[in-house]
Amino acid sequence: MTRVSTKLAGTSFPDKVAYHTVRGIVTVFCRLWCRMQIEGREHFPKEGPFILAPTHRSIIDTPVSSGVYTKRMRFMGADKWWSNKYFGKLLTALGGFPVSRGSADREALKRCLAVIEGGEPLVMFPEGERKSGTVVQPLFEGAAYISMKTGAPIIPVGIGGSERVMPKGAKFIFPRKMYVMVGKPMSVPVVEGQSAKEQREASRQLTADLHAELQRLFDVAQSRAGY
């Protein structure tokens, strides 16, 4: 599977420069305007791909997620954002790749697998679309599936305060505090030789463990952000 066939382009030198330039601008802005603090960066693996699994309360969570790690990460996005040729190229350069909303889940999973197998970190919001409130909503099992399929660890992340910084429908970014808690890598269950039923149960258990850890991190992040 090639990057071209899976629409995972954006590996040229200019693309990488664009990513790190925009990432740097966003990170500095969040630190100055939103007093963003990040805790737990030491938990990132020294090498190899991983799955970053943040809570999701605001559209700003995507650029904030890019600021927690120095290397480029990949993000899924609704294919409507690629309808404009030039904006689509920018998104691709910044690590995004399109997934058709309403398409078969296997299309998205196929592209996620291509990212991990290509050695790049992947960002997956396990709650799906933006949610609201302080309770982590039921998770999709995509992150657990990709982790078990590839052996890539899941790094849970709680983003506190982003819903107050840029609520749904807001046109402006408010100067309110954000706090990001990066959790320890979650161990990947060994499923080789297990039956399909046992693998499904392992996936459900990993998802349940991820949910519990996300809630813990989110609670701490919200508290340290002052909410």
Check: Within the chain, what's the longest stretch lacking GluC sites (Glu not before Pro) that sit in DSSP loops with no more than 13 other Cβ atoms inside 10 Å?
Finding: 48-128
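Give me Tyr227, Tyr145 sorted ascending by neighbouring Cβ count inside 10 Å, so fewest comes first.
On the way: Tyr227 15, Tyr145 19.
By the 10 Å Cβ count, ascending, the order reads Tyr227, Tyr145.
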Margin query: If I build a Gaussian network model for the chain, linking alpha-carbon pairs within less than 10 angstrom, which residue out of Pro175, Pro126, Pro98 has the largest mean-square fluctuation?
Written below: Pro175
Next item on the list: Positive end of the charge dipole of the range 71-227 (Lys, Arg +1 and Asp, Glu -1 on Cβ, about the Cα centre): tell me which of Leu109, Ala152, Met124 has its Cα farthest that way.
Entry: Met124
Note to self: If I histogram all Cα-Cα distances within the chain using bins 5 Å wide from 0, what percent of pairs lands in each bin?
What the structure shows: 1, 7, 14, 19, 21, 18, 12, 6, 2, 1, 0
Note to self: I'd like the distance between the alpha-carbon centres of the range 57-124 and the range 205-227, rounded to an integer number of Å.
What the structure shows: 23 Å
Next item on the list: Please build a GNM for the chain, connecting alpha carbons under 10 Å apart, and tell me which residue among Ala108, Ala93, Ala196 fluctuates the most.
Entry: Ala196
Next item on the list: Evaluate the relative contact order of the range 13-224 (contact order divided by residue number), counting alpha-carbon pairs under 8 angstrom at least 6 apart; express in whole percent.
Entry: 28 percent
Note to self: With n ≥ 4 as the cut-off for DSSP H runs, can you work out [θ] at 222 nm for the chain, using -39500 (n - 2.57) per run divided by the number of residues, rounded to the nearest 500?
What the structure shows: -12500 deg cm²/dmol
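Readers should treat all values here as calculations from the given coordinates under stated rules, not as data from a laboratory. As the structure is a computational prediction, the values presented were derived from the model and not from experiment. Neighbour counts are summed over all protein chains in view; Cβ atoms, including those assigned to glycine, are modelled from backbone coordinates with ideal geometry.
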